[in-house]
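The structure under discussion appears below in the form of structure tokens.
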Amino acid sequence: ILKVHYPKFGMSEDCLYLNIHAPAHADTGSKLPVMVWLPGGGFETGSASIFDGSALAAYEDVLVVTIQYRLGMFGFFK
């Protein structure tokens, strides 16, 4: 019998986050474009932490917002 390895994904109810990345030169009056990134995964798996928006914010002069929301049994049901 072929053994199949399934990686274990951790789950927690403490999973609602907004990660906001801004260029170092940005100040209160800066009018920068905003890019919002939602992790995919069919509402089952995914994480905002796998995407580091700081590099995009620094090189492309944009404000990057990543959203961590409830997935699987803590969020959307099929």
Extension gain, Ala26 back to Glu60 (0.36 nm per residue minus Cα-Cα distance, nm): 11.0 nm
Charge context of Trp37, other residues only, Cβ under 15 angstrom, K/R +1, D/E -1: -2
Highest average packing first - 32-39, 55-62, Cβ atoms within 10 Å: 55-62, 32-39
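Where a number appears in this text, it was derived from the coordinates with a stated rule and is not lab data. Since this is a predicted model, take the numbers as computed values, not measurements. We place every Cβ from the backbone using ideal geometry, glycine too, and count neighbours over all the protein chains shown.
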